[in-house]
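Take a look at the structure below.
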Amino acid sequence: MIHGVIMAGGSGTRFWPKSRKKLPKQLLALTSPQSMIQETFARLAKRIPPERITVVASADHAGRIRQHLPTLAPGNVVVEPAGRNTAACIGLATVRIARQDPDGIMVIVPADSYIDPAEQFLDVIEAACAAAAIGDTMVVIGIPPTFPATGYGYIQRGALLSDERGIKVFDVRAFKEKPDGETAQRFLSSGQFYWNSGSFIWKVTTILQAFREFMPDLHAALQRIAAGAGTPAEERLVADEYARLKSVSIDYGVMEFARSVKVVEATYRWDDVGCWKSVEEHVERDPNGNVVDAKVEMIDTAGCTIVGEPGHLIATVGIKDLIVVHTPDATLVCHKSRAQDVKKIVDRLAEKGMEEYL
């Protein structure tokens, strides 16, 4: 059977002050009236029954996630006691699914990606599952790059393996780290590279074998967790094992070493919606290019993103290309060209011990 896994452990600090420790990016409605995790769940649920969808989340967010996803079985929220990056997150989900369906196929997706249309996403997933079912193959979804991005990892494709219904599957030649600007331009110009979407498909047996071979410490921890599953000691056992784990991404821990990897070319619009500037690409703008989710009065205002609280008036005069975000206890004013640097504000607040604003 096919199982969905939603990785929902991120914090989304570049969406401060709307995103906070208790309300991360995936729980915000940024590109539609639904939260990002609701959109992700709805896409998967078109093909995978809700009882076979698992969400991996931090203890701080598990309760809110259950509120956002009322049709998700309560036991299908797997709680991480601490953030240890995507390898541990995927491993914890794998242990749970292996108990139910040791021969299952896992479709692993981030909780906070913009994808449109959903139907094309499902077609790509179907092709990826078919590829993953053959041997010990690991599959990643690749996004054709549209500009020389330096914030994404890249996948270099190899030979074309299949092209059915317009969905192409290639061997993977190499994974590349986030490049500098010159290298990113070279990747784009070559036509041989994809952005790494962070979505993976493989059999339970395949990823467990990969952990055993390439991340033996994690594999041993997962084995101990599996042995204690369903016992009164399970929660304490997971916490103890996580305390000893290193923070390693699945890309660095497994994918760069795996021998049989395929990439499926995505045929849908994709964005990781990494900062406030990204939002304008996916929502309606007014005639002056403004994105507005607030009560506003604007004079000579163009190209701005303005977000506020109900009942609070935001007035602007003679501004251009700014981000203005008002919340009850904090307000952000930032030029759009510096949207990625909002994270620096969060870091500074943490350094100053201003926890009430985090």
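Consider the range 40-56 and keep the residues that are outside any strand (DSSP E or B) and among the β-branched types (Val, Ile, Thr). The one that is farthest from residue 84 (Cα to Cα) is 48. Among the candidates 349, 332, the residue that is in a helix (DSSP H, G or I) and under 27 Å from the mean Cα position of the chain (by Cα) is uniquely 349. Tallying residues that are out of contact with any helix residue (DSSP H, G or I) (no Cβ under 9 Å at 6 or more places or on another chain) and either within 13 Å of residue 326 (Cβ to Cβ) or of a type in the set (D, E, K, R) (or both) within the range 294-310 yields 9. Here residue 169 meets each of (1) aliphatic (A, V, I, L, M); (2) in contact with a strand residue (DSSP E or B) (Cβ under 6 Å, 6 or more places away or on another chain); (3) closer than 21 Å to residue 90 by Cα with one exception, condition (3). What's the number of the condition residue 178 fails, among (1) at pLDDT below 95; (2) among the charged types (D, E, K, R); (3) not in a loop (DSSP other than H, G, I, E, B)? Unmet for residue 178, out of (1) at pLDDT below 95; (2) among the charged types (D, E, K, R); (3) not in a loop (DSSP other than H, G, I, E, B): (3).
Selection of the range 203-220 for residues being among the hydrophobic types (A, V, I, L, M, F, W, C) and either in contact (Cβ under 8 Å) with a residue 60 or more places away in the chain or not assigned by TED's automatic domain parsing to the domain that holds residue 96 (or both) yields 204, 207, 208, 210, 211, 215, 218. Selection of the range 224-251 for residues being out of contact with any Pro (no Cβ under 6 Å at 6 or more places or on another chain) and either among the aromatic types (Phe, Trp, Tyr) or on the phi > 0 side of the Ramachandran plot (or both) yields only 230. For the range 135-161, residues that are surrounded by fewer than 14 Cβ atoms within 10 Å (Cβ to Cβ) and of a type in the set (Ser, Thr, Tyr) total 2.
Name the single residue that is nearest to residue 20 (Cα to Cα) among those in the range 55-106 being of a type in the set (Ser, Thr, Tyr) and surrounded by 23 or more Cβ atoms within 10 Å (Cβ to Cβ). Let's see the steps before the verdict.
Residues of the range 55-106 of a type in the set (Ser, Thr, Tyr): 58, 71, 86, 94.
If we keep only those that are surrounded by 23 or more Cβ atoms within 10 Å (Cβ to Cβ) too, we end up with 86, 94.
Details: 86: 20, 94: 28 Å.
Looking at residues that are of a type in the set (Ser, Thr, Tyr) and surrounded by 23 or more Cβ atoms within 10 Å (Cβ to Cβ), I get 86.
If you go through the range 277-327, how many residues are not in a strand (DSSP E or B) and not basic (Lys, Arg)? Of the residues in the range 277-327, 26 are not in a strand (DSSP E or B) and not basic (Lys, Arg). If the condition is being farther than 26 Å from residue 52 by Cα and either basic (Lys, Arg) or outside any loop (DSSP other than H, G, I, E, B) (or both), then the range 1-14 contributes 13, 14. Name every residue in the range 15-39 that is of a type outside the set (Val, Ile, Thr), over 14 Å from residue 278 (Cα atoms), assigned to a helix (DSSP H, G or I) and in contact with a helix residue (DSSP H, G or I) (Cβ under 6 Å, 6 or more places away or on another chain), in order of residue number. 26, 27, 38 - these are the residues of the range 15-39 that are of a type outside the set (Val, Ile, Thr), over 14 Å from residue 278 (Cα atoms), assigned to a helix (DSSP H, G or I) and in contact with a helix residue (DSSP H, G or I) (Cβ under 6 Å, 6 or more places away or on another chain). Residue pairs whose Cβ atoms lie under 7 Å apart, separated by 6 or more positions or on different chains, with the first residue in the range 139-155 and outside the structural domain of residue 120 (by TED's automatic domain parsing) and the second assigned to a loop (DSSP other than H, G, I, E, B) and of a type outside the set (D, E, K, R), do not occur. As for the range 311-332, it holds at least one residue that is modelled with pLDDT under 95, within 27 Å of residue 357 (Cβ to Cβ) and either outside the structural domain of residue 33 (by TED's automatic domain parsing) or of a type in the set (Gly, Ala, Ser) (or both). Condition (residue is out of contact with any Leu (no Cβ under 8 Å at 6 or more places or on another chain), surrounded by fewer than 17 Cβ atoms within 10 Å (Cβ to Cβ), free of Cβ contacts under 8 Å to residues at least 24 places away in the same chain and small (Gly, Ala, Ser)) applied to the range 343-350: is it met by at least one residue? Checked against the condition, which is being out of contact with any Leu (no Cβ under 8 Å at 6 or more places or on another chain), surrounded by fewer than 17 Cβ atoms within 10 Å (Cβ to Cβ), free of Cβ contacts under 8 Å to residues at least 24 places away in the same chain and small (Gly, Ala, Ser), the range 343-350 yields no hits at all.
Yes/no matrix, rows are residues, columns are (1) surrounded by fewer than 21 Cβ atoms within 10 Å (Cβ to Cβ); (2) farther than 17 Å from residue 113 by Cβ; (3) touching a residue at least 60 places away in the same chain (Cβ under 8 Å):
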residue	(1), (2), (3)
7	no, no, yes
19	no, no, no
26	no, no, yes
46	yes, no, yes
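The values are calculated or read from the model by the stated rules, or taken from the named source; none is laboratory data. Since the model is a prediction, treat every value here as computed from it, not as a measurement. Positions of Cβ are generated from backbone atoms using ideal geometry, with glycine treated the same way; all protein chains shown enter the neighbour counts.
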